[in-house]
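K.L.:
Would you mind keeping the following structure in view while I ask a few things?
The values are calculated or read from the model by the stated rules, or taken from the named source; none is laboratory data. None of these values were measured; they are calculated from a predicted model. FYI the Cβ positions are ideal-geometry reconstructions off the backbone, even for glycines, and counts take in every protein chain you see. Just the protein is used for accessible areas: all its heavy atoms, side chains included, with ligands, DNA and RNA removed. Shrake-Rupley method; radii C 1.70, N 1.55, O 1.52, S 1.80 Å.
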Amino acid sequence: MLLLLVSSALWWMPAPAQAAGAEATAGRVAFIGVPGLLWDDLDPAETPRLWRLAGESALGSVSVKAVGTVTCPYDGWLTVSAGVRSAVGHRCGMPPEPVAQGGGAVVAEVRELLQLRDGTYAGTLGSAVHAAGQCTAAVGPGAALALADREGKVDLYASEPAGLADWSRCRVLAVDVDTLVKPYIMDGKLSQEPEPIAPERRRALVREVDAQVGAALDKLPPDTEIVLAGIGDHGSVPHLRVAMWKQPADGVAGLSVGTNSTRRDDITVLPDITPTILAAAGIAPPPTVIGQPWRLGDRTTPGDLRRADLKGTAVRGTTGVFFTAFAVVQVAFYALAYFLLSRRRRLGVVGTAAIVLACVPVSTYAVNLVPWERSPYPVPTLIGGVLAGTALFAAVALGGPWRRDPLGPPAAVAAITATVLVGDLLTGTTLQFDSLMGYTAVVGGRYYGLANIPFALLATAVLMVTAIAAEHLVRAGRRRPAVAGVAGLGVAAMLLAGWPGVGSDFGGVIAFVPGIAVTALLVAGKRVSVVKLGAFCVLGGVAVSIIAVLDHLRPPASQTHLGRFVGQVIDGTFWPMIGRKLGAMLNTMLSPNLMPIVLAGLAFLVFAVLRPGQISAGIVPRAFARAPMLRAGLVGALVSGVVGMLVNDSGTAVLSMAVALAVPLVLHAGVRSPEEEELLGGPVDEGGRHDDVLAGET
């Protein structure tokens, strides 16, 4: 109930205040796009004009994710043109050269782009400016693409700054500074290498960029609002790029640039540039634009923004190795557990290892409580922090006063996991952000709220800990309060998972509802049928639809992606996003890093139940016999995992994390079962071996 009240209060909190430049007041705006520019490129000696502009501007980072893993200059400029994530549909390079027409130009490719699934809204920015009776001026091919209307027309055009005679004629102007990224284009495509040119060559290119930006700044009227962004990647590794926002009004220098799209004070996304330009010119954005105008946040520095990119890229570069290692350890654990349990030896070792393994996921979030990215060796420090957190949480679970209860350590691990994730949701998800089992703005899949893997862990932890609590209530003859506790706490956690601005997890609600319902039914002693399970899934869909519609009814600036999705459904523009989500889900179904966890955990669980004498010495059945509610929690968690796998774009990742947390907790409870000690001849010794062993009986 407390969680429900807190989430309801957060719902009515006002959206962050918009910056003055985001108001719909007419003005002059220049957008300078520098594909490939990093905060690490800026230096007061090497890039004096960019450094001076940074000192006069609000600062932030741009997550340049468009559709693919990396964003070429073509896709970056196209996304600015469209106001939604857009792409040409294949590996790409530089934007097309416009054809001069009078004093302006025509980008002939716009008509072809309109026929593509991810190019449907090309020309939105330019058309909005023309519809408001204003003209557009562009310098360079990318700028022409950004400001071309849906006919491909730009009013004023020059291929370089010196060629544009009148910089004050149009209120909306864009400049393409492509010197830095051109050497990364090989055979017409963006390089597939992380860094194909030497550092000295890159520094020389950045100096050229600095001079070109300075030349453009010198030509702009003094009252011009300046939006500068690095709108594309320079190789195969995505990065956060530079964002600067200079406004005619004083007082913005040193503040951060964020947006409601990311719910972060220092991170924006490419589609946000479109409404920011329009707002500066006093033009309302068209309804198809999903971005949000930039807004001002707390103070920041270029050093902070460099570290943010370092943190995101370090996490992204480590995630694959980490999940591979985690899968190998999981499979090895089940193989070792089978070997020891089938011989009735070292049961204490198996139980301890199970708890340690279950503590790994929550440690990947808790490590963000320390600034590991400031270390000279960030990746080793990150991994060391995860291992230290795992050891700490395992020590708490195994050494607390609850250790004498067979269900005590599993309950402790589940409670710790749930507490960390709920606390993170209520404080802005700073722990999930840039974490190994969370998300990062460098990847650009999610920027706030509850991601799919944390959802699986939260749902599993909540269902397991409430089921264990229900076990104690049922033993005391209080079955109704047990059922109410499972349902109440489950619904509260589900609301946090789906509530706009808190969890904002569309698929999580759909998956959480059947898990809660199944667990509650089993605690109540009722049977679960396929029909009931289908009805619970439908109920989850109805619940999240209501939440999304309520979010859509709020002002556009306050909406999350849930409410904006409702708007896309209403105007029929949601199909491209659905297609991308479906494709991502199918691509992750057979993940080589995650599927082994699912197969090993479920195989062990199934065979431990069907053939306990050979597989588990009867440990899992005995755990269920002693604590029937434990089975209810496990089944509910697996139901949420399976449904979550089918309705989320992370696919197997959801089920694998439910298995990775739930199965070790059940296994530990079985190892510690008093019935086992009695049947096997008394308590275990320090090595976990029994002197008097019954062979193959359950």
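K.L.:
Would you check which residues across the stretch 15-44 are modelled with pLDDT under 95 and of a type in the set (Gly, Ala, Ser) and list them?
P.N.:
Selection gives 15, 17, 19, 20, 21, 22, 24, 26, 27.
K.L.:
How do the helices (runs of 4 or more DSSP H) wholly within the stretch 64-152 filter down when requiring 3 or more residues that are within 30 Å of residue 38 (Cβ to Cβ), aliphatic (A, V, I, L, M) and in contact (Cβ under 8 Å) with a residue 40 or more places away in the chain: which remain?
P.N.:
The helices (runs of 4 or more DSSP H) meeting that bar are 73-82, 141-147.
K.L.:
Quick check, is residue 152 more than 23 Å from residue 208 (Cβ to Cβ), open to solvent by less than 10 Å² (accessible area, probe 1.4 Å) and more than 31 Å from the chain's Cα centre (by Cα)?
P.N.:
Numbers: more than 23 Å from residue 208 (Cβ to Cβ): yes; open to solvent by less than 10 Å² (accessible area, probe 1.4 Å): yes; more than 31 Å from the chain's Cα centre (by Cα): yes.
Taking the combined requirement at face value, the residue satisfies it.
K.L.:
Looking only at the stretch 300-331, how many residues end up being farther than 18 Å from residue 386 by Cβ and at pLDDT below 95?
P.N.:
To start, the set of residues in the stretch 300-331 that are farther than 18 Å from residue 386 by Cβ comprises 300-309, 331.
Cutting the leftovers down to at pLDDT below 95 gives us 331.
Within the stretch 300-331, residues that are farther than 18 Å from residue 386 by Cβ and at pLDDT below 95 number 1.
K.L.:
While we're here: Determine which member of the set 138, 204 is over 30 Å from residue 26 (Cβ atoms) and of a type in the set (Gly, Ala, Ser).
P.N.:
Matching residue, one of 138, 204: 204.
K.L.:
Sticking with this structure for a sec: Can you tell me which residue is farthest from residue 218 (Cα to Cα) among those in the stretch 167-190 that are assigned to a loop (DSSP other than H, G, I, E, B), open to solvent by 60 Å² or more (accessible area, probe 1.4 Å) and in contact with a Gly (Cβ under 9 Å, 6 or more places away or on another chain)?
P.N.:
Residue satisfying both the conditions and the ranking: 187.
K.L.:
Can you tell me which residue within the stretch 453-472, out of those that are under 23 Å from residue 385 (Cα atoms) and at pLDDT below 95, is most open to solvent (accessible area, probe 1.4 Å)?
P.N.:
Step by step, filter the stretch 453-472, then rank; the result is 453.
K.L.:
Scan the stretch 316-355 for residues that are surrounded by 15 or more Cβ atoms within 10 Å (Cβ to Cβ), within 20 Å of residue 440 (Cβ to Cβ) and among the hydrophobic types (A, V, I, L, M, F, W, C) and report the count.
P.N.:
Result for the stretch 316-355: 3.
K.L.:
How many residues does the stretch 325-377 contain that are in contact (Cβ under 8 Å) with a residue 12 or more places away in the chain and either in contact with a strand residue (DSSP E or B) (Cβ under 9 Å, 6 or more places away or on another chain) or among the polar types (S, T, N, Q) (or both)?
P.N.:
6
K.L.:
Quick one: which residue in 76, 36 is open to solvent by less than 10 Å² (accessible area, probe 1.4 Å), on the phi > 0 side of the Ramachandran plot, under 29 Å from the mean Cα position of the chain (by Cα) and of a type in the set (Gly, Ala, Ser)?
P.N.:
The unique qualifying residue is 36.
K.L.:
Of all residues in the stretch 399-424, count the ones that are open to solvent by 20 Å² or more (accessible area, probe 1.4 Å) and either modelled with pLDDT under 95 or closer than 14 Å to residue 315 by Cβ (or both).
P.N.:
6
K.L.:
Mind checking which residues of the stretch 39-73 are open to solvent by 10 Å² or more (accessible area, probe 1.4 Å), over 19 Å from residue 258 (Cβ atoms) and more than 28 Å from the chain's Cα centre (by Cα)?
P.N.:
43, 44, 45, 46, 48, 49, 51, 52, 55, listed by residue number.
K.L.:
Identify, from the list 632, 627, 669, 600, the residue that is at pLDDT 60 or above, open to solvent by 10 Å² or more (accessible area, probe 1.4 Å) and aliphatic (A, V, I, L, M).
P.N.:
600
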